[in-house]
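Colleague: My structure is below; once you've seen it, I'll send some questions.
The values are calculated or read from the model by the stated rules, or taken from the named source; none is laboratory data. On a predicted model such as this, the values are computed, not experimentally measured, just so you know. Here the Cβ is made from the backbone with ideal geometry for all residues, glycine too, and neighbour counts use every protein chain on show. Each accessible area value is taken on the protein alone, full model and side chains, heavy atoms only, with ligands, DNA and RNA left out. Shrake-Rupley method; radii C 1.70, N 1.55, O 1.52, S 1.80 Å.
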Amino acid sequence: MFRSLRRALCAAAAALLLMLAGVGAQTVHADPVDATDRAAAPGAGYWHTSGRQMLDAAGQPVRIAGINWFGFETANYTPHGLWARDYKSMIDQMKSLGYNTIRLPYSDDLFKSGTIPNSIDFSGGKNADLQGLGSLQIMDRIVTYAGQGGLKVVLDRHRPDAAGQSALWYTSAVPESTWIANLKALATRYRGNSTVIGIDLHNEPHDPACWGCGDTTRDWRLAAQRAGNAVLSVNPELLIFVEGVQTFNGVSGWWGGNLMGVAQYPVQLDVPNRVVYSAHDYATSVAQQSWFSDPTFPANMPGIWDKYWGYIFKQNIAPVWVGEFGTTLQSTIDQKWLAALVSYLRPTSTYGADSVSWTFWSWNPNSGDTGGILKDDWTTVDTVKDGYLASVKAPGFPSGGGDPGDPGDPGGGTAACTAAYTVSSDWGGGFNAEVKVTNSGTTALKSWKVTWTWPGTQKVTSMWNASYTQSGSTVTAANADHNGALAVGGSASFGFGGAPGGGGAPAVSCTAT
């Protein structure tokens, strides 16, 4: 994407937004079910590639269906939004919405001794365990908590410094040697922690960067090979995510979005089955492109994507990950573009993990030309935008970054779940609430349902990440396709709006089905 048109970032958070208070959590154990209902969740351990698929340590195909959470790459030196909320609640909400991976942009400023994270709210116990930490230590805490919740993390070297995006992977102030040294430092830091599945080597190379031209000062493909091999020399388990360039053989596209050169000049690393190619794609809220005014739009878009990066997937060359795509969704053109792109990425219900992976831009509402999944209060979900992504979301992964060979519970065990109901906001005429479901048994779950009865006249007005029926004041909510399978200790969440408000939190029961 064109960074000069991008984000009105909060270089320093001006004010702390009020966190919407949660109330009333209830938990109830479920009845056991037969152990034959066990389902080993994919995604454990480190990943590798085979053709166009990413596979987990057990050889099961996996799909990244994630979100970008930026801020480490800015002068705040920490993810944005911590001036409004606790980081754990943010990650919990990402998971509850069905995102299974976080892409964390950073800059090389994080490795400088004078870098101090700022604009974090510690009031009311928020972010308490981040007090006094440096930026890399905060990254550690985020990685740890994400892994405990079954999310994976891709680290994205977004910028050489907080001042802005660079066309090439180096600048006069941050030479290639520094770039590679810092990549190796991160690879070493998270060695043995399979929550971090890989590193995106540099964000959005663009003109004068080239692919396959042979000029070592401009050839991004050669630089990616040097950096990728350096990373793998200290942590050979990582995936190496390589973005495209802007122009190849006179054909230009989005920054980082042109992977046409892969066909002739593939990235070749010392460790096989580690390369994932990454494209970026955007809508008119970021910039105009010729294809948006084509009279056949949006029917022309699959051909555009095929040309720039989709052929890599279709020809079984390597996995493709759309590391960034986003829009304010204000114009009809952008709405049609997003619907077409989501369809092109291949619905999970039809294709499973034999699909294009993705991380949406962005979680943050303060991305100037796209907005985010969250609205400006850093809490409320843009359910329309999030809804576009529902068909390409995918199951989460086993919690923790531990033993990649653990096949799960070997047999027997008891299936059980608990549910916790939390009111996140209540304005009298209506309310929003979230229910967190946790596998409290000793065997993996395939699905679950939650039931509660309101004491008043409340009705569900909308629900996300679950389906529901309501009979009188009793509501039964069942998991969505992407969040039914839960490893032991794993959890998933769904949210809903209702009316009227003032109902508080009823007792809830959870049944493993």
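Colleague: Quick check: pseudo-label points 7 Å beyond the Cα along Cα→Cβ at Asn229 and Lys307, how many nm apart are they?
Modeller: Calculated label separation equals 3.4 nm.
Colleague: Right, another one. To the nearest 0.05, how large is the calculated FRET efficiency for Lys375 and Phe297 if R₀ is 35 Å and r is the Cβ-Cβ distance?
Modeller: The pair Lys375/Phe297 has a calculated efficiency of 0.75.
Colleague: Express in Å², to the nearest 10, the accessible area of Lys375 obtained by rolling a 1.4 Å probe over the protein heavy atoms while all chains stay in place.
Modeller: 100 Å²
Colleague: Give me the distance in nm between label points sitting 7 Å out from Cα along the Cα-to-Cβ direction at Thr442 and Lys314, one decimal.
Modeller: 5.2 nm
Colleague: If I ignore ligands, DNA and RNA and count only protein heavy atoms, how much of His280 is accessible to a 1.4 Å probe, in Å² to the nearest 10?
Modeller: 0 Å²
Colleague: Let me understand the stretch 235-349 better: what is its radius of gyration from the alpha carbons, and its Dmax, in angstrom?
Modeller: 14.8, 49
Colleague: If you roll a 1.4 Å probe over the chain with all protein chains in place, what percent of the accessible area is carbon or sulfur?
Modeller: On the way: 9410 of 17930 Å².
It is 52 percent, rounded to a whole number.
Colleague: From the phi of every residue in the stretch 243-249, what ³J(HN,Hα) in whole Hz does the Karplus formula 6.51 cos²θ - 1.76 cosθ + 1.60 yield, where θ is phi - 60° and glycine or proline is x?
Modeller: 7, x, 10, 8, 10, 9, 6
Colleague: Something else now. For n ≥ 4 DSSP H runs only, could you compute -39500 (n - 2.57) per run for the chain, divide by its residues and tell me the 222 nm figure to the nearest 500? Please report the intermediate quantities before stating the final value.
Modeller: Working: 9 runs with 85 residues, N = 513.
My calculation for the chain gives -5000 deg cm²/dmol from helical runs alone.
Colleague: Under a 1.4 angstrom probe, counting protein chains only, how are Asp281, Asp270, Asp207 ranked by accessible area, largest first?
Modeller: Values: Asp281 5, Asp270 125, Asp207 70 Å².
Descending accessible area places them as Asp270, Asp207, Asp281.
Colleague: Kindly provide log₁₀ I(q)/I(0) values, in the same order as q = 0.09, 0.12 Å⁻¹, from the Debye equation applied to equal alpha-carbon scatterers of the chain.
Modeller: So the normalised log intensities are -0.61, -1.11.
Colleague: What dipole magnitude, in Debye to the nearest 20, does the chain give about its Cα centre under +1 on Lys/Arg Cβ and -1 on Asp/Glu Cβ?
Modeller: 140 debye
Colleague: Stretched out fully, how many nm does the piece from Ser113 to Thr474 gain, at 0.36 nm a residue minus the Cα gap?
Modeller: 124.3 nm
Colleague: Looking at the chain, what % of its DSSP beta bridges pair antiparallel, to the nearest 5?
Modeller: In the chain, DSSP labels about 60 percent of beta bridges as antiparallel.
Colleague: May I ask you to compute the full-extension gain from Asp129 to Thr332, defined as 0.36 nm times their residue separation minus their alpha-carbon distance, rounded to one decimal in nm? Spell out each step's value before the answer.
Modeller: Numbers: separation 203, 0.36 × 203 = 73.08 nm, distance 4.40 nm.
Gain on extension, Asp129 to Thr332, equals 68.7 nm.
Colleague: So the label point goes 7 Å from the Cα of Thr144 along Cα→C-beta, right? Which residues of the stretch 164-189 then have their backbone N under 13 Å from it?
Modeller: In the stretch 164-189, the label zone of Thr144 (backbone N under 13 Å from the point 7 Å along Cα→Cβ) covers no residue.
Colleague: In nanometres, what is the gap between the two model label sites at Val384 and Asp354, each 7 Å from Cα along Cα-to-Cβ?
Modeller: 3.6 nm
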